[in-house]
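In what follows, a single structure is set out as C-alpha cells and then discussed.
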Amino acid sequence: MTLPFDPTCVFCRIISGEADRDLVFWDDEVAICLLDIRPVKTGHALVIPKAHVPTLKDMPEDLLGPVFHRAQALNRAVEIAYDADGSFSAYNTHVSQSVDHFHLHVIPRTHGDQLLKKGRWKRDPLDDTSELWPQRDRLAEVMRALLAPVETQ
C-alpha cells in the first residue's frame with residue numbers, strides 16, 4: 001500500500017530518507033519517533049505517522065489506534081529513559097503547528113519542572129544535533145524493549 005506523501009513536508013522527507021534521519025530512534029510500518037530539534041527539555045520526542053496526515057482531524061480511523069499505541073509506548077520510554085516522574089503529550093491543530101503533518105510531542109516531566117511556566121514553551125534550536133545522539137540511542141533501546149513483542153500491530 002502506498003502511503004500519502006507530500007514532497008514539500010519535512011517529516012515526509014525524513015520518513016522517506018530524503019532528509020536527515022540522525023534523530024530517528026523508532027521506525028516501523030506505522031510511525032517514526034525522533035527527537036525534537038528544538039527541545040523544550042532533554043528527551044523531548046515526537047511520534048509521527050508515516051502517512052502524510054496534516055492534523056488529528058484528518059487521520060483515518062484505522063490509523064488512530066496504531067499511532068497512539070506508539071505514543072503510549074513513547075510516554076513510557078521517556079519516563080524510563082530519563083527517570084522521569086511522568087510525561088506530557090501534546091499536539092497542535094493548525095495554530096502553532098510548525099509542520100503541517102500530524103506529530104505528537106512527548107516530553108519527560110519531573111515534579112516542579114515548570115514546563116509550562118507562564119503558559120509558554122521555551123524552545124531554542126540546537127547548534128549541533130549530534131549532542132542528542134546519546135538521548136536517541138537510549139530511547140531506541142527502551143522503545144525496542146517496550147514494542148518488540150508487539151511490533152506487528
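Each reported figure results from applying straightforward, stated rules to the coordinates on display, with no laboratory input. Given the structure is predicted, the values throughout are model-derived calculations rather than measurements. As a convention, Cβ positions derive from the backbone with ideal geometry for all residues, glycine included, and neighbour counts pool all protein chains shown.
Side notes on the structure shown:
- Residue within the range 64-79 that is surrounded by fewer than 18 Cβ atoms within 10 Å (Cβ to Cβ), in contact with a strand residue (DSSP E or B) (Cβ under 9 Å, 6 or more places away or on another chain) and either of a type in the set (Lys, Arg) or in a strand (DSSP E or B) (or both) present: yes
- Selection status of Arg21, free of Cβ contacts under 8 Å to residues at least 24 places away in the same chain and in contact with a helix residue (DSSP H, G or I) (Cβ under 7 Å, 6 or more places away or on another chain): yes
- All conditions but one from (1) out of contact with any strand residue (DSSP E or B) (no Cβ under 6 Å at 6 or more places or on another chain); (2) charged (D, E, K, R); (3) at negative phi apply to Asp83; the one that does not is (3).
- The range 105-136, residues that are within 20 Å of Ala77 (Cα to Cα) and either among the aromatic types (Phe, Trp, Tyr) or surrounded by 11 or more Cβ atoms within 10 Å (Cβ to Cβ) (or both): His105, Val106, Ile107, Pro108, Arg109, Thr110, Asp113, Leu115, Leu132, Trp133, Gln135, Arg136
- Condition met for Phe102 (crowded, with 20+ Cβ neighbours inside 10 Å, closer than 21 Å to Arg123 by Cβ and not aliphatic (A, V, I, L, M)): yes
- Matching residues in the range 80-91 - criterion: being in a loop (DSSP other than H, G, I, E, B) and within 13 Å of the chain's Cα centre (by Cα): Tyr91
- Any hit, the range 44-61, residues being touching a residue at least 60 places away in the same chain (Cβ under 8 Å) and surrounded by fewer than 16 Cβ atoms within 10 Å (Cβ to Cβ): no
- Condition broken by Ser87, with the remaining ones in (1) surrounded by fewer than 13 Cβ atoms within 10 Å (Cβ to Cβ); (2) under 16 Å from Val47 (Cα atoms); (3) in contact with an Asp or Glu (Cβ under 7 Å, 6 or more places away or on another chain) satisfied: (1)
- Selection status of Val78, in contact (Cβ under 8 Å) with a residue 24 or more places away in the chain and under 26 Å from Lys122 (Cα atoms): yes
- Search result, residues across the range 94-140 that are assigned to a helix (DSSP H, G or I) and in contact (Cβ under 8 Å) with a residue 12 or more places away in the chain: Thr129, Ser130, Leu132, Trp133, Gln135, Arg136, Asp137, Arg138, Leu139, Ala140
- Pick from the range 5-25, criterion of a type in the set (Phe, Trp, Tyr) and surrounded by fewer than 23 Cβ atoms within 10 Å (Cβ to Cβ), ranking: farthest from Leu116 (Cα to Cα): Phe5
- Some residue of the range 8-17 being over 24 Å from Pro108 (Cβ atoms), touching a residue at least 40 places away in the same chain (Cβ under 8 Å) and outside any helix (DSSP H, G or I): yes
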